[in-house]
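Down below is the structure, laid out as structure tokens.
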Amino acid sequence: MGKWIDSLLKNYENAMKGQKEVLSSMQVGTYVAIKDLDNIRVLPDRLEIEIVSLLHNADFAIEEAAVKAGIEEIKKKLGMFMKNVEDLGVQADRCSRDIRRARTVVLQRIIKYPNR
């Protein structure tokens, strides 16, 4: 009867060792799975940060493009304005010349016909 109990205990110990090894493997597997899940949980947060950053960059690029287009439009309008200023200067010179001529004509008439 002693051998039979020893045999049962030996089988029980072997079964326990096997279960202990399975549990250890399961523990390691669970630890790895939890770490992987943590990494997976972090990835959407990183992705969200990257998307927000890209959206800010896109907004900046759109704003920058709008600013560049605005500056080009301002340059065009400034060119037209400067042309108008030059034309106005030419016209002012012409008017000034005409006024001097008219003044000269008036003075000549006054000198020529002082009592009329």
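The values are calculated or read from the model by the stated rules, or taken from the named source; none is laboratory data. Everything quoted here is computed from the prediction, not taken from an experiment. Positions of Cβ are generated from backbone atoms using ideal geometry, with glycine treated the same way; all protein chains shown enter the neighbour counts. For accessibility, only protein heavy atoms count, side chains too; no ligands or nucleic acids. Shrake-Rupley method; radii C 1.70, N 1.55, O 1.52, S 1.80 Å.
What to note about this one:
- Flag if N115 is at pLDDT below 85, more than 34 Å from the chain's Cα centre (by Cα) and not aliphatic (A, V, I, L, M): yes
- Enumeration of residues in the range 31-60 that are more than 30 Å from the chain's Cα centre (by Cα), open to solvent by 80 Å² or more (accessible area, probe 1.4 Å) and aliphatic (A, V, I, L, M): I34, L37
- Hey, V28 in a helix (DSSP H, G or I), open to solvent by less than 100 Å² (accessible area, probe 1.4 Å), modelled with pLDDT under 85 and out of contact with any helix residue (DSSP H, G or I) (no Cβ under 8 Å at 6 or more places or on another chain) or not: yes
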